[in-house]
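In what follows, a structure is listed as structure tokens, so that the remarks can point back to it.
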Amino acid sequence: MTDQQAFSIIAGELGIREAQVAAVAELLAGEATVPFIARYRKEATGNLDEVAIINIRDRLDQIRELEKRREAILKSLAEQEKLTPELEKAVREAPTLAKLEDIYLPYRPKRRTRATVAREKGLEPLALRLLSQGEFDIDAAAGEFVDAEKGVASAGEALAGARDIIAEMMNEDAPAREAMRGIFAREAAMASRVLKGKEEAGAKYRDYFDWSEPAAKAPSHRVLAVLRGEEEGFLSASFMPEEGIAIDLLKKTFMKDASPASAQVALAAEDCYIRLMGPSMETETRALCKKRADAEAITVFARNVRELLMASPLGERTVLAVDPGLRTGCKLAVLSPQGALLHHEAIYPLEPHNRRDESAKTVKTLCAKYEVRAISVGNGTGGREALAFLKGLGVENAIVTMVNESGASVYSASETARREFPEQDVTVRGAVSIGRRLQDPLAELVKIDPKAIGVGQYQHDVDQKELRRSLDDTVESCVNSVGVEVNTASRELLQYVSGLSSRMAEGIVKRRDTTGPFATRSELREVPGIGPKAFEQSAGFLRIRGAANPLDASAVHPESYHVVERMAADLGCSVADLVRDATLREKIELKKYVSNTVGMPTLRDIMEELAKPGRDPRKEFELFTFRDGVNEIADLEAGMKLPGVVTNVTNFGAFVDIGVHQDGLVHVSELADDFVSDPHAAVKVNQKVEVTVLEVDAARKRIALSMRSDPSTPRRPKREEPAAGKKAFKKGDDTRAATPAQKRLAGGAKPAATPKSSSPFAGLAGILDKTGKKK
């Protein structure tokens, strides 16, 4: 496949022009990053956003992988001396990997099979005669192949061997496999059963003890739950259609008449499906379902991570950070407006110590001495109690708020934390992280593996390579959309800037530590390793606050400085005047500055930057408080209305922190009065919401919540979902499972159905405690 053919395919899939795909491909080949292309090459790409550019990049990679496999197959066929012009044409025109592998299957080197043994016994002519069908004496024909020396003792053995050959031929028939693939795509059911004797140990999967639903429609979280239950040894799962439908397809494909030979072909078709094609297609279907589930879960995770990284920053204010604790006390860390550690110590205001007066004096002294403007309290054990204590002190000019500390312990034990605070222990580092999360969540959270933040579902079960790539794209997008202050950013933050590597980021930090802060963007060229390409990719995303040239503090790229300077010259003013005076900017006629390299999209971006240089796209910080007196699960009652913060959004609903050390679940059916198909359309991570308590299961630490205006009214109709306990397979009144895999699952008898529960938690077994949230 040529590049132009690939561009045409992608353009058709994405609904854009081939020229746009070609432009993106060329820029990527030149090592341009996605943020750089989206921001500074709009004229070349036709104003494509990051999502479209990533889709093009990923699709190009998929096509290239397909082409690599295609070339490997052609090489193998040539080495086997099997490559005919017709076969080569079929291989080169195969549009998908599945079809390509179907074509190659008869020629792929394989282990010794039953068909191989039958061929060695000389039974292939008999197999071909049976497959041609027609009226003839099959016993007499088979008798001709009886040969004790070859291991064929009877006509029956000859027919059995011939059927083995026919079954393998059917399995390797590309059109038959494609038709069977269609059956699986339309008819396969994802079914699960509890393994014998595992009912009690696998109780968290009880909703899947007797479960079935169409595989093509199974949502991501249920596919991953079933597969995890199977991997952990509690469930047995299958992804199969009804056996009769599948076998009938093979019979209709290969049977020509009603002769005795056709009866042998029918037997071979049954054997082919049960022993060869069925298991092969089930493996393929299972893999496709897993891939689809992975993609959905990764999308959910990346979307949640974006919301968390783009949370509102408090900004540069002195912060007193508090890592709460009961027995070990509360760790305090005073941070400068730039996040530097100024002081740390421990106080013991809570049980079992209750040294409240002493602790109050310490806090008030520190707040006065360092002019603290905000107190940041982690939401771990003792968090609500510490929050109430600190609020009760009435510290002047200081807000008191709680922050999510998920992943702080991971940071505190990391190499990054040890490098930043080699003299401090993990408790001090954890407190620092809690304070910095309030000042600038993005700058602090980039130091932590996103998987440790706890805003995904089944992140440890999905394809780790794809997850890492998606999360890297997300973090890079967030960092570059906000911009990075080059003179204060950490190495971890700098390495996510477009075009910069970890080594370059370290070089920037070393350069400013040894020779002082950067005065201009052009000085970045002096950093070892930052050549013309790296500078081009990174400069527009790096900010130098207070620089002599105001454009160095903006998102205007240095390559466009001459345009702004020309605008200023035409108006008889300075660049700084353009930034300060809106009336001057109103006089600019953008069309005058259009050139071969600078178009209207870039000019409009420049004007936006001149109006608000280095603007932060994140929302203004908004103070949030939990309801007083509600500190633990025991304080909850059904019907309570409480403020909360969304901590995680999944495909089945949203988790909300209501201040009781255990997040509650708002099931998708309770997110709004109207039907909600996608929870992300209704809520986002970090969103402040009001919820109503529906049900509390203190023993299992589960809280069911609602965001509907009146949860007591009947829910509006929603799409039907298979209920827990629904029969997995049914054929007439026969309760036996339909396929061999199903027979193994069901043991030939109808399993005891699990009663459908009316609890809001029904259908979520194995999920609520697997989201990465604190239990």
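The values are calculated or read from the model by the stated rules, or taken from the named source; none is laboratory data. Because the structure is a prediction, the values reported are computed rather than measured. Using ideal geometry, Cβ is built from the backbone for each residue, glycine included, and neighbour counts are taken over all protein chains shown. Ligands, DNA and RNA are excluded from the accessible area calculation, which covers all protein heavy atoms including side chains. Shrake-Rupley method; radii C 1.70, N 1.55, O 1.52, S 1.80 Å.
For this structure, a couple of remarks:
- Condition check for Arg719: charged (D, E, K, R), open to solvent by 10 Å² or more (accessible area, probe 1.4 Å), within 26 Å of the chain's Cα centre (by Cα) and at pLDDT below 50: yes
- Hits in region 526-554 (condition: loosely packed, with under 13 Cβ neighbours inside 10 Å and either among the acidic types (Asp, Glu) or free of Cβ contacts under 8 Å to residues at least 24 places away in the same chain (or both)): Glu526, Pro528, Gly531, Pro532, Gly546
- So Gly540, is it in contact with a His (Cβ under 8 Å, 6 or more places away or on another chain) and small (Gly, Ala, Ser): yes
- Residue in region 350-370 that is polar (S, T, N, Q) and under 27 Å from Asp473 (Cα atoms) present: no
- Region 27-57 - residue that is open to solvent by less than 30 Å² (accessible area, probe 1.4 Å), part of a helix (DSSP H, G or I) and not small (Gly, Ala, Ser) and, of those, nearest to Leu97 (Cα to Cα): Ile56
- Positions within region 253-284 being more than 20 Å from Met190 (Cβ to Cβ), among the charged types (D, E, K, R) and at pLDDT 95 or above, in sequence order: Glu270, Asp271, Arg275
- Residues in region 611-637 that are charged (D, E, K, R) and assigned to a loop (DSSP other than H, G, I, E, B): Lys612, Arg615, Asp616, Arg618, Lys619, Glu620, Glu622, Arg627, Asp628, Glu632, Glu637.
- Flag if Val24 is among the β-branched types (Val, Ile, Thr), crowded, with 17+ Cβ neighbours inside 10 Å and within 22 Å of Arg306 (Cβ to Cβ): yes
- Among residues that are surrounded by 13 or more Cβ atoms within 10 Å (Cβ to Cβ), part of a helix (DSSP H, G or I) and of a type in the set (Asp, Glu), Glu13 is not included.
- Filtered residue count, region 223-254, keeping only those that are part of a strand (DSSP E or B) and either open to solvent by 20 Å² or more (accessible area, probe 1.4 Å) or more than 14 Å from Gly278 (Cα to Cα) (or both): 3
- No other residue among Ala368, Ala386 is small (Gly, Ala, Ser), out of contact with any helix residue (DSSP H, G or I) (no Cβ under 9 Å at 6 or more places or on another chain), surrounded by 24 or more Cβ atoms within 10 Å (Cβ to Cβ) and modelled with pLDDT of 90 or more apart from Ala386.
- Some residue of region 586-595 being hydroxyl-bearing (Ser, Thr, Tyr), open to solvent by 80 Å² or more (accessible area, probe 1.4 Å) and at pLDDT below 95: no
- Residue count, region 463-520 (criterion: open to solvent by 10 Å² or more (accessible area, probe 1.4 Å) and either of a type in the set (A, V, I, L, M, F, W, C) or on the phi > 0 side of the Ramachandran plot (or both)): 9
- Applying the set (1) more than 34 Å from the chain's Cα centre (by Cα); (2) surrounded by fewer than 17 Cβ atoms within 10 Å (Cβ to Cβ) to Arg419 leaves exactly one unmet item: (1).
- On the stretch given as region 397-416, residues that are among the β-branched types (Val, Ile, Thr) and either part of a helix (DSSP H, G or I) or open to solvent by 50 Å² or more (accessible area, probe 1.4 Å) (or both) total 2.
- Qualifying residue in region 201-222 (condition: among the charged types (D, E, K, R), within 23 Å of Lys251 (Cβ to Cβ), open to solvent by less than 20 Å² (accessible area, probe 1.4 Å) and part of a helix (DSSP H, G or I)): no
- Number of the condition not met by Leu126 [criteria: (1) under 18 Å from Arg114 (Cα atoms); (2) out of contact with any Phe, Trp or Tyr (no Cβ under 6 Å at 6 or more places or on another chain)]: (2)
- Yes/no for Ala443 being open to solvent by less than 30 Å² (accessible area, probe 1.4 Å) and either in contact with a Phe, Trp or Tyr (Cβ under 7 Å, 6 or more places away or on another chain) or in contact (Cβ under 8 Å) with a residue 24 or more places away in the chain (or both): yes
- Beta carbons closer than 7 Å, at least 6 apart along the sequence or on distinct chains, never pair a first residue in region 293-308 that is free of Cβ contacts under 8 Å to residues at least 40 places away in the same chain and under 16 Å from Glu444 (Cα atoms) with a second that is part of a helix (DSSP H, G or I) and open to solvent by less than 50 Å² (accessible area, probe 1.4 Å).
- Filtered by the rule that a residue be open to solvent by 20 Å² or more (accessible area, probe 1.4 Å) and not charged (D, E, K, R), region 339-356 gives Ala340, Leu341, Leu342, His343, His344, Ala346, Tyr348, Pro352, His353, Asn354.
- Subset of region 315-338 [open to solvent by 30 Å² or more (accessible area, probe 1.4 Å) and assigned to a loop (DSSP other than H, G, I, E, B)]: Glu316, Arg317, Leu326, Arg327, Thr328, Pro337, Gln338
- Test set (1) farther than 30 Å from Gly315 by Cα; (2) part of a helix (DSSP H, G or I) - Ser595 fails condition number: (2)
- Count of region 59-76 residues which are open to solvent by less than 40 Å² (accessible area, probe 1.4 Å) and either among the charged types (D, E, K, R) or more than 29 Å from Leu100 (Cβ to Cβ) (or both): 2
- Complete set of residues in region 255-273 that are open to solvent by 10 Å² or more (accessible area, probe 1.4 Å), out of contact with any helix residue (DSSP H, G or I) (no Cβ under 7 Å at 6 or more places or on another chain) and not hydrophobic (A, V, I, L, M, F, W, C): Asp257
- Within region 543-577, restricting attention to residues that are under 43 Å from the mean Cα position of the chain (by Cα), more than 16 Å from Arg615 (Cα to Cα) and of a type in the set (A, V, I, L, M), the residue that is modelled with the lowest pLDDT is Ala548.
- Some residue of region 262-278 being among the hydrophobic types (A, V, I, L, M, F, W, C) and without any contact (Cβ under 8 Å) to a residue 12 or more places away in the chain: yes
- In region 596-634, the residue that is surrounded by the most Cβ atoms within 10 Å (Cβ to Cβ) out of those that are touching a residue at least 40 places away in the same chain (Cβ under 8 Å) and among the polar types (S, T, N, Q) is Thr602.
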